Amino acid sequence: MTSQSVPAVAADPVPADAAAGPVPADVAPVPRPGNSVVTAVTLAGLTLAWLALLIWSVLATLAASTDGVLAVTETAYGLPAVIFAALLAGAGVAQAVRRATARRLDATVLPRLLVAVAAGALTGAVAAAALVFGDGRGGSAVTILGWALFAGATVGGTLAGLHRWAGLLTAAGAAAGLAVAVAITARELFKGPLLELFGAGQTAASVLAAQSRIVWVSALLAGAIAGAVAFGWLAGASRRSTTRLPWPTYLVAGAAPGVLLLVAELITRVGGAELLGLARSFSETDEAFQAMADAGRINSALVVLFAGSFTALICLGRTLPSRPDQADDPADPAVPAGPVRAG
């Protein structure tokens, strides 16, 4: 019995990664959501424009003030807003630099952090120089404000470079924080009509009560706006990368503006302690005013934090698809018929 020889068939080459077996989930590259370079640069430009506007406002106030006591008081009152703007600008510029250098530096921890810190510090140095040299008088109040600007922008840049996810979350927080800053500034611009609307009368007690109501209502509205902006920012980044973000990401992004307000308050208390103490020392009225302003900022930051996180989660829940009724699926024999009751 003769045996026929079967011709050998050349096998297709097997790729090296396929021959090695499936790649584990923790090793396989997973596309991470992020913002485009154009979006990041746009956010950085908006935050820088807002910071420049506040610096110009401070310089105009100092130039128009002929009384040294009034100049110190107004500078101390505007210090937290300027530091908050510096935080946003430092975070926005650091995120833009991170996106521009992502292919080369974003995969390693130390270069990413150093680039972000350097971007924030450079932003703060330019802002401080613009303020100090723009004033030209070299007073202690302006010098303290310049150092506070530098510290705020540096901290903002550091926050953007702490983690590979920190850039996206900080960018969402900066965009939402910019909306909060605009809302707070609008409240200050229309304080007179708002006081009348909220029941301010001829007595000091009625004015204080109306001002307290304005602070609470405006903080709630600002937090709701911030949560919606943060959700929209993350949802857009998720759509562009086709990667679904976990729900705690939206919670953190919604709370980020409130956290940044608290960080700005901390920098204000530490870096501007001398200026705040000087503003309190003029009279008992000034001391009471500064104490009320300090408490109002803390309360506003906390309200923005909780309202923003809650709004972001509500927006996320509204976009989730409705869960199909498993009881109507005949292909699943394990699910009994009848209504499904929440356990």
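The values are calculated or read from the model by the stated rules, or taken from the named source; none is laboratory data. Bear in mind the structure is a predicted one, so any value in this text is a computation, not a measurement. No Cβ is skipped: glycine too gets one built from the backbone with ideal geometry, and neighbour counts run over all protein chains shown. These area figures cover heavy atoms from the full protein model, side chains too; ligands, DNA and RNA do not enter into them. Shrake-Rupley method; radii C 1.70, N 1.55, O 1.52, S 1.80 Å.
Can you tell me how much longer the chain between Ser241 and Glu196 gets when fully stretched, taken as 0.36 nm per residue apart minus their C-alpha distance, in nm with one decimal?
11.3 nm
Order 180-191, 145-156, 277-288, 244-255 from most to least packed using the mean count of other Cβ atoms within 10 Å.
Numbers: 180-191: 16.8, 145-156: 26.7, 277-288: 13.9, 244-255: 18.8.
Descending mean neighbour count gives 145-156, 244-255, 180-191, 277-288.
Put a dot 7 Å past each Cα toward the Cβ at Arg318 and Arg164; how far apart are the dots in nm?
Result: 3.3 nm between the two label points.
Ranking request for peptides 291-298, 69-76, 233-240, 117-124: highest mean number of other beta-carbon atoms within 10 Å first, then the rest in descending order.
On the way: 291-298: 14.8, 69-76: 19.6, 233-240: 18.1, 117-124: 23.8.
Taking the mean over residues of other Cβ atoms within 10 Å, the ranking is 117-124, 69-76, 233-240, 291-298.
Taking Rh as the Kirkwood radius, which is the inverse of the mean 1/r over Cα pairs, what is the Rg/Rh value for segment 132-290? Show your work: numbers first, answer last.
Details: Rg = 19.2 Å, Rh = 18.3 Å.
With Rg and the Kirkwood Rh in hand, the quotient comes to 1.05.
Keeping the other protein chains in place, figure out the carbon and sulfur percent of the accessible area of segment 92-190, with a 1.4 Å probe. Each step should come with its number before you reach the end.
Values: 3170 of 4350 Å².
Answer for segment 92-190: carbon and sulfur cover 73 percent of the accessible area.
Under 8 Å for C-alpha pairs, at least 6 residues apart: give me the relative contact order for segment 161-286, rounded to a whole percent. Kindly include the intermediate steps, with their values, before the conclusion.
Values: 93 pairs, mean separation 42.3, N = 126.
It rounds to 34 percent for segment 161-286.
Just report the Cα centroid separation between segment 246-269 and segment 74-101, whole Å.
14 Å
So, in nm, how far is label Leu70 from label Ala186 when the simple model puts each one 7 Å beyond its Cα toward the Cβ?
Spacing of the two 7 Å Cα→Cβ label points: 3.0 nm.
Could you tell me which of rounded, prolate or oblate describes segment 35-117, using a ≥ b ≥ c as the square roots of the eigenvalues of the alpha-carbon gyration tensor, with rounded for a/c under 1.5 and, failing that, prolate when a/b is larger than b/c and oblate otherwise? Before the final figure, lay out the partial values.
On the way: a/c = 4.83, a/b = 2.70, b/c = 1.79.
Prolate, because a/c is 1.5 or more and a/b exceeds b/c.
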